[in-house]
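Asks: Below: one structure in structure tokens.
The values are calculated or read from the model by the stated rules, or taken from the named source; none is laboratory data. Predicted model only: the values in this text are computed from it and were never measured. Ideal geometry is used to build each Cβ from the backbone, glycine not excepted, and the neighbour counts take in all protein chains shown.
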Amino acid sequence: MRDYASTSFWLETADDDLTPRPGLDGSVEVDVAILGAGYTGLWTAYYLLAREPSLKVAVVEREIAGFGASGRNGGWCSANFPVTAATLAERYGREAARDTFLALYDTVDEVGRACAAEGIDAQFTKGGSLLLARGPHQLPALQAAHTAYAKLGLADHYCWLDAAQVAERVRVAGVVAGMFRPDCAIVHPGRLARGLARAVERRGGTIYEQTEVVDFETGRSPRLITRRGDVRARTIVLAGEAYLSRLRRLHRQLIPLYSLIVLTEPLSPERWDEIGWQNHEGLASLRLSIDYLSRTHDGRIAFGGRGEPYHFGSRIRDAYDRDAPTHALLRRMLAQWFPTLRDVRFTHAWGGPLGMPRDWMPTMSYDRALGVATARGYTGQGVAMANLSGRVLTDLITGVDSPLTHLPMVGHHSPDWEPEPLRWLGIRYVQLGFHRLDNQAERTGRPPSGRSLAERLGRH
């Protein structure tokens, strides 16, 4: 049997033996068939069953619940959105952008409420997050973000901090300013995913594991097609995030980009006294290449970032979960953030793919005539957004017209990514360009201009 515990620290410590549930054995018929036992699929099943307990709901998973990004992420349950506040307002208007963020603020609390109600020990700790300008070159981007939220009338959710005020919370080298956001919690991703799967089963849902969906059909007879039989339903839900790119009809709707994480040993109380960080805030800077940090419940630091190259043809392979150069870079970066931790020992390293649409915009949709719903394209912001997706899809499938069903993600359709080799050339150009621009900004103290080709291609 596959060693699922080695996938990530989160699955290793999920308080679950990870024994796979039985796979599909022949064709079945249900009311709703869901592809993917990650957060999106599980939250959708959970809310559907909470609303209509008589529904027959089946979730079909290629590996085990929580195997994908849901069991490998950085632990941020935040109100962050893949598209910037300014871009969201430009595309959809001020009120739609404001409503989106208000819904996400509520979503963070909803995850905590659901965990408490279902007895899921996800170690939910709402300490907020700190977006840090580590050097003068990152200050303009921080100021622009703060201004964009203020223009939406959301200034009370974003507190500007000077360097001294940041240091009162956490002592990070090179910080010139920061922005505190209360709407973020740190969770144990594995415990959340596995606990949510058990909650779905308690409500009457069925989860088929180690059953790969190889295709699907919509229309008069919707079904998920596997090599072990079909799951026929009135409605099918496609909730596989990056792994949806393996399906022929969705291959160019998402690209799988890898995000990797390194994890330290538990730090001593004396070391925590040196760096502060007592409130479990999520930490991130304004690097184009993305970095994110969290403090775990048992006193470790998880440091994540993107850097592993995109793989031609949108390939997803287990071998890509660990990339020695990227993991080495992340270990060096932790020492740059916290110089007193230069000798800290690292115990774990892992990674996995996240799903990115061509326009960075998530999708939550339902076509009643075709009997197909989907939610996808979180670009690494899926821990909270998957919960929001589950509630949106539940409203859409059950015919409830709610404020959530009018958010700009609902009914959105992203354009396809370019065919290969154009896709690989463009993505690699942006990845290398972002890395070069970050290094140049750190060396010179001057921010990226925003006019480079890499920035224009990667703008969101």
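Asks: I'd like the full set of residues that are in contact (Cβ under 8 Å) with a residue 40 or more places away in the chain and touching a strand residue (DSSP E or B) at 6+ places or on another chain (Cβ under 7 Å), limited to the range 184-204.
Replies: Within the range 184-204, 184, 185, 186, 187, 197, 200 qualify.
Asks: Has the range 208-230 got any residue that is modelled with pLDDT of 95 or more, among the hydroxyl-bearing types (Ser, Thr, Tyr), outside any helix (DSSP H, G or I) and in contact with a Ser or Thr (Cβ under 6 Å, 6 or more places away or on another chain)?
Replies: So far as the range 208-230 goes, yes, one or more of its residues are modelled with pLDDT of 95 or more, among the hydroxyl-bearing types (Ser, Thr, Tyr), outside any helix (DSSP H, G or I) and in contact with a Ser or Thr (Cβ under 6 Å, 6 or more places away or on another chain).
Asks: Restricting to the range 231-253, give me the number of residues that are buried (at least 24 other Cβ atoms within 10 Å of the Cβ), part of a strand (DSSP E or B) and not aliphatic (A, V, I, L, M).
Replies: So the answer is 1.
Asks: Anything in the range 89-99 that is closer than 23 Å to residue 358 by Cα and either surrounded by 24 or more Cβ atoms within 10 Å (Cβ to Cβ) or without any contact (Cβ under 8 Å) to a residue 40 or more places away in the chain (or both)? List them, or say none.
Replies: Result: 90, 93, 97.
Asks: Turning to a different aspect of this structure: Is it true that some residue in the range 31-46 is in contact with an Asp or Glu (Cβ under 9 Å, 6 or more places away or on another chain), surrounded by fewer than 24 Cβ atoms within 10 Å (Cβ to Cβ), of a type in the set (A, V, I, L, M) and touching a residue at least 40 places away in the same chain (Cβ under 8 Å)?
Replies: no
Asks: Also, quick follow-up: Quick one: residue 352 ticks every box in (1) of a type outside the set (S, T, N, Q); (2) part of a helix (DSSP H, G or I); (3) touching a Gly at 6+ places or on another chain (Cβ under 8 Å) except a single one, so which number is it?
Replies: It is condition (2) that residue 352 fails.
Asks: Now for a separate question. Take the conditions in a loop (DSSP other than H, G, I, E, B) and of a type in the set (A, V, I, L, M) and apply them to residue 108. Does it pass?
Replies: So residue 108 fails the test.
Asks: Say whether the condition of being outside any strand (DSSP E or B) and within 17 Å of the chain's Cα centre (by Cα) is met by at least one residue in the range 88-99.
Replies: no
Asks: A further question on this structure: Of the residues 374, 340, 347, which single one is crowded, with 17+ Cβ neighbours inside 10 Å and either not assigned by TED's automatic domain parsing to the domain that holds residue 59 or not in a helix (DSSP H, G or I) (or both)?
Replies: Being crowded, with 17+ Cβ neighbours inside 10 Å and either not assigned by TED's automatic domain parsing to the domain that holds residue 59 or not in a helix (DSSP H, G or I) (or both) holds for just one of 374, 340, 347, which is 374.
Asks: Return the residues of the range 250-305 that are within 22 Å of the chain's Cα centre (by Cα) and of a type in the set (Val, Ile, Thr); say none if nothing qualifies.
Replies: If the condition is that a residue be within 22 Å of the chain's Cα centre (by Cα) and of a type in the set (Val, Ile, Thr), then 255, 261, 262, 264, 290, 296, 301 are the ones that fit.
Asks: Which condition number does residue 431 fail, the rest of (1) out of contact with any Ser or Thr (no Cβ under 6 Å at 6 or more places or on another chain); (2) surrounded by 21 or more Cβ atoms within 10 Å (Cβ to Cβ); (3) part of a helix (DSSP H, G or I) being met?
Replies: (2)
Asks: Can you name the number of the only condition in (1) exposed (fewer than 13 other Cβ atoms within 10 Å of the Cβ); (2) not in a helix (DSSP H, G or I) that residue 361 fails?
Replies: Of everything listed in (1) exposed (fewer than 13 other Cβ atoms within 10 Å of the Cβ); (2) not in a helix (DSSP H, G or I), residue 361 misses just condition (1).
Asks: Okay, next question. So, restricting to strands (runs of 3 or more DSSP E) that lie completely within the range 153-207, which ones have at least 2 residues that are surrounded by 22 or more Cβ atoms within 10 Å (Cβ to Cβ), of a type outside the set (Phe, Trp, Tyr) and within 20 Å of the chain's Cα centre (by Cα)?
Replies: Hits in the range 153-207: 184-186.
Asks: Out of the residues in the range 280-334 that are at pLDDT 95 or above and basic (Lys, Arg), which is nearest to residue 441 (Cα to Cα)?
Replies: Checked the range 280-334; the qualifying residue nearest to residue 441 (Cα to Cα) is 287.
Asks: When you look at residue 65, is it assigned to a loop (DSSP other than H, G, I, E, B) and crowded, with 24+ Cβ neighbours inside 10 Å, yes or no?
Replies: So residue 65 fits the description; yes.
Asks: Among the residues of the range 406-423, count how many are crowded, with 18+ Cβ neighbours inside 10 Å and not in a loop (DSSP other than H, G, I, E, B).
Replies: Residues flagged as crowded, with 18+ Cβ neighbours inside 10 Å and not in a loop (DSSP other than H, G, I, E, B) within the range 406-423 amount to 2.
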